[in-house]
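The structure appears right after this line, and notes come after that.
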Amino acid sequence: PIMAAWISLISGVKFFDWLGNIVLQGSLKLGTPIILVIFGSMFAKVIQKTGISDAIIKKAAEFAGDKPLAIAILMTAATAFIFLGMSGLGAVIMIGSIAIPIMTSAGIEPIDAVILILLGLGLGISFNFSSLATGIGIFGSEAVLKYYLPAGIISLIITAAYILINIPRGKISIKSTLEMLKSFILGLITVPISILKTLIKNFSRKKSSLIKKKEELPSAALITPILPLLIVGIGAFTVGLGSPNDGLIDPVSIAVLGFIFAAFYAALMVRPSQSVQLFTGALVEGIQDVAGVLFLFMGIGMLVTSATQPEAIKILDPMMRAVFPNSFYGMLIFFAIFAPTALYRGPFNMYGMGTGIATILMSLNFLPPTALYGMFNAVGNIQGADPTNSQNTWLGGFAGVDTTDILKKMLPYSWFGCILMLICVAIMH
């Protein structure tokens with residue numbers, strides 16, 4: 001908001017125009033992404049309240065046994081799976097406090113355990129629609145959807161590379177690997193049966209007393225984090241994602257539907273008699289968790305509105321053109337070289353100064369929104385290693401590892417992921 005007010009002041013926007021057009025209308029500009037964040041946070045609370053995330057981590061540990069490589073793969077995969085539906089420091093604390101001791105007890109170095117959690121978080125978040133809200137608000141849904149799958153694949157490549165290079169393999173038994181794979185496949189096959197059995201059990205049982213025995217979660221409940229993605233996928237393959245004016249489904253609306261459907265599914269599997277209470281309670285607590293993010297989005301909306309005023313463009317255009325290259329490949333090289341400025345809330349950090357820079361570049365039409373989003377998405381790989389991230393700070397403190405050491409070890413992989421994404425942008429444009 002302060003940046004938006006400053007740009008308006010310098011460019012000569014009248015006070016009441018600033019108050020009505022920028023403060024009021026601007027704060028509502030990102031209304032659609034705000035709704036996405038609210039329902040995404042609600043769904044994250046449902047997963048947490050029902051104990052689904054906790055159960056997934058413990059199941060992964062049971063599958064892996066005591067083999068370092070198997071534990072690393074399954075703990076990272078479980079973290080990524082959980083973050084398909086969750087976000088925030090609370091989720092990181094819950095997962096890290098369980099997964100890190102499991103990994104270190106199997107002989108994995110504490111710094112590697114922390115980085116695996118961060119890589120798993122990044123992998124899951126790259127497929128989590130609620131995390132795309134900032135990009136949608138600034139660059140539009142078309143630009144974000146274009147890089148949705150490539151960004152996830154690159155994140156997977158980086159995660160796999162880190163595990164193979166840094167985690168000791170030990171003795172790998174083909175027999176135990178096949179048995180683990182068999183158990184996993186059988187678990188997937190039996191999910192429909194588990195859903196049916198759980199529904200029959202939940203709706204046929206008599207009302208219990210106030211004192212309840214803690215029961216193991218049904219296996220059908222463990223697929224909950226992937227359900228929003230499944231709903232979006234069904235919408236994409238049946239109708240297609242895009243503008244409703246073209247007969248397509250708005251990606252944000254189908255994502256919200258996915259969050260609501262998955263939340264009620266989790267409630268029916270775990271607490272059928274408290275579905276409405278669970279949903280509404282999660283909605284209220286979810287909004288509390290993302291209150292800061294919502295205010296940030298209001299501020300971004302003001303900034304977008306302020307930077308796109310004709311008076312502001314006249315001043316900003318020559319300034320930005322003096323700093324940034326004026327060619328497509330020049331911008332790619334610029335982003336590749338200066339990618340580390342995404343660290344410490346710098347100018348390429350979309351959770352820091354980057355929102356302002358991206359907004360101004362969009363208003364000046366430097367590049368098509370899809371290309372510009374791809375570049376900012378690329379440097380987002382670097383941001384995952386940022387010592388100022390609350391999750392990096394907590395994980396490092398919990399494992400007894402300095403966040404600067406985490407940065408040093410993680411940066412080469414993150415930077416490589418950035419380069420891969422920039423190559424992807426070059427190929428796609």
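Some points to look at:
- Under DSSP loop assignment and at most 10 Cβ neighbours within 10 Å, longest GluC sites (Glu not before Pro)-free interval of the chain: 1-214
- Surface share of carbon and sulfur [accessible, 1.4 angstrom probe, percent] for the chain: 69 percent
- For the pair region 361-429 and region 143-168, the centres of their Cα atoms are 12 angstrom apart.
- For the residues Leu283, Leu367, Leu69, a GNM of the chain with alpha-carbon springs under 10 Å puts the largest fluctuation on Leu367.
- Exceeding the 26 Å Cα-Cα cut-off - candidates Lys146/Lys408; Lys14/Lys314; Lys29/Lys314: Lys146/Lys408
- Largest-first ellipsoid semi-axes for the chain, taking √(5λ) over the Cα gyration tensor eigenvalues, angstrom: 39, 27, 19
- Selected from Ile138, Ile165, Ile300 as most flexible by GNM, with the chain as the system and alpha-carbon contacts under 10 Å: Ile165
- For the chain, the mean residue ellipticity at 222 nm estimated from helices alone is -23000 deg cm²/dmol, where every DSSP H run of n ≥ 4 contributes -39500 (n - 2.57) and the total is divided by all residues, rounded to the nearest 500.
- Against the criterion of solvent-accessible heavy-atom surface with a 1.4 angstrom probe, Met362, Met319 sort, most first, into Met319, Met362.
- Surface accessible to a 1.4 Å probe, per residue, for the residues of region 254-367, Å²: 45 Å²
- Inter-centroid distance (Cα atoms) of region 246-264 relative to region 303-352, Å: 32 Å
The values are calculated or read from the model by the stated rules, or taken from the named source; none is laboratory data. Predicted model only: the values in this text are computed from it and were never measured. Cβ coordinates were reconstructed from backbone atoms using ideal geometry, including for glycine residues, and neighbour counts include every protein chain displayed. All accessible areas refer to the heavy atoms of the entire protein, side chains included, with ligands and DNA or RNA removed. Shrake-Rupley method; radii C 1.70, N 1.55, O 1.52, S 1.80 Å.
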